[in-house]
Every structure is written in C-alpha cells, then in structure tokens.
1. Once you charge only the Cβ atoms, +1 for Lys and Arg and -1 for Asp and Glu, what is the size of the charge dipole of region 12-106 about its Cα centre, to the nearest 20 debye?
2. Just to confirm, what accessible area per residue do you get for the chain at 1.4 Å probe, in whole Å²?
3. In the chain, what is the volume of the convex hull around the alpha carbon atoms, normalised per residue and reported in Å³?
4. Between I100 and D126, with labels modelled 7 Å along Cα→Cβ, what's the label distance in nm to one decimal, could you check?
5. Report in % the part of the accessible area of the chain that belongs to carbon and sulfur, leaving out ligands and nucleic acids; probe 1.4 Å.
6. Compare the peptides 131-139, 69-77, 20-28 by average per-residue count of other Cβ atoms within 10 angstrom and give them in order, highest first.
7. Taking just the alpha carbons, could you work out the radius of gyration and Dmax for region 68-147, both in angstroms?
8. How far is it, in nm, from the label point at A78 to the one at E7 when both lie 7 Å from their Cα along the line to the Cβ?
Amino acid sequence: MADTKLECVKVEKENGITWVMLNRPEKRNAMSPQLHYDMDNALIHFATDPETKVLVITGAGKAFTAGQDLALYFRGTANDPVERFNAAHASESWRSHRLINFPKPTIAMVNGFVFGGGLTPVVSCDVAIAANDAVFGISEINWGHIP
Ligand code: ACO
C-alpha cells in the first residue's frame, strides 16, 4: 500500500493498534466507490503488516458511516456497468470477506450514525463496541428492500 494513496480512509498507528478511519466526515462517511477501493486496499495491506497486531475500524466526525453513498455509489454508477461492477465487488470484498477473514483481531468502534450497508463491517468485526449515543438504522426499509 506504500504506493497507494488513500483518499477516503485515514490511518493511525500506535503500539500495535492500527486505526482505520472511514474519512468523509462532511458526507457522514457515506461509502463511495473510492472509499470501498481504499478499504479493500487497506485491509489487504494491514493483514500482513508486522506493525498491526489489532485493527480498529471507526468513522471520522459525527458518524461511523451513513451507509452506501446514495449519490456516488448508486446513482453515480447507474449508467456505468464497469464502475458499478468494480465498486460492488470492492464493497462486498472488504466488508464481507476481508474483514471476516482478517488474520488478526478486529474491533468496530461505532460512533454516531451507522446506517444500512454500514452495519455489514460492524458485524464482520470480531468485536463491536458502540458509543452510548450511537444510532443504528436499517434504512433499506424505506426503499422496500430487505437489508
Ligand atoms: N449517501 C450520500 N450522501 C449522504 C448520505 C448517504 N447515505 N448520508 C448523508 N449524506 C450527505 C448529505 O447529503 C449531506 O451532504 P450535503 O452537505 O452536501 O448536503 C451530508 O452528508 C450531511 O448529511 P446531513 O443529513 O445534513 O447530516 P445529519 O447529521 O443531519 O444526518 C444522517 C445524518 C442521519 C446519517 C442522514 O444524513 C441520513 O439519514 N442519511 C441517509 C442514511 C441512509 O439512508 N443510508 C442508507 C443508504 S442505502 C444502503 O446503505 C444500502
């Protein structure tokens, strides 16, 4: 990952703990295609990073994540099947495969809002700890979808 610039993810390290922060606070860390690519790359890297003994996932600002980015992930890829496929693949990869199979302990540190597809990384971590003011929402019901 040394050569890969992360645009939507911030990383901090201290004493074997690596914090991976969803970092689009002005959009409540809604998961854009770029955020999915960044998370997929970050998890590949930290799986074998010797400085990473424990991985903590959290969100910058007021939210853990507001879920999929309704503008960039859904509408923004609606007429671009290649980008839609690639974004969906990365989205599924990091949330449902890389995190579940991560070779070191993982902790979801849930702050603020966590909506829709944002619950997947929470349940994919070994441990989830929520702040007292965390707000969970299965918002797919608004579109008549089962999460
Ligand atoms: N996708 C895209 N942009 C979003 C999303 C989202 N899921 N959530 C928030 N934003 C954007 C807003 O459009 C706004 O952008 P703007 O400042 O350019 O207008 C900015 O983030 C801040 O949003 P606010 O609504 O002003 O923030 P607030 O703190 O009042 O509320 C909350 C936060 C509760 C998360 C609200 O934004 C919300 O309900 N968002 C939608 C959540 C949702 O339904 N997610 C499910 C997506 S579908 C899925 O994941 C499968």
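The values are calculated or read from the model by the stated rules, or taken from the named source; none is laboratory data. Just so it is clear, the model here is predicted, and its values are computed rather than measured. FYI the Cβ positions are ideal-geometry reconstructions off the backbone, even for glycines, and counts take in every protein chain you see. Please note that ligands, DNA and RNA were not included when accessible areas were found on the heavy atoms of the full protein model with its side chains. Shrake-Rupley method; radii C 1.70, N 1.55, O 1.52, S 1.80 Å.
1. 280
2. In whole numbers, the chain has 53 Å² accessible per residue.
3. Cα convex hull per residue, to the nearest whole number: 110 Å³.
4. A separation of 1.7 nm, rounded to one decimal place.
5. 57
6. 20-28, 69-77, 131-139
7. 14.1, 40
8. 2.1
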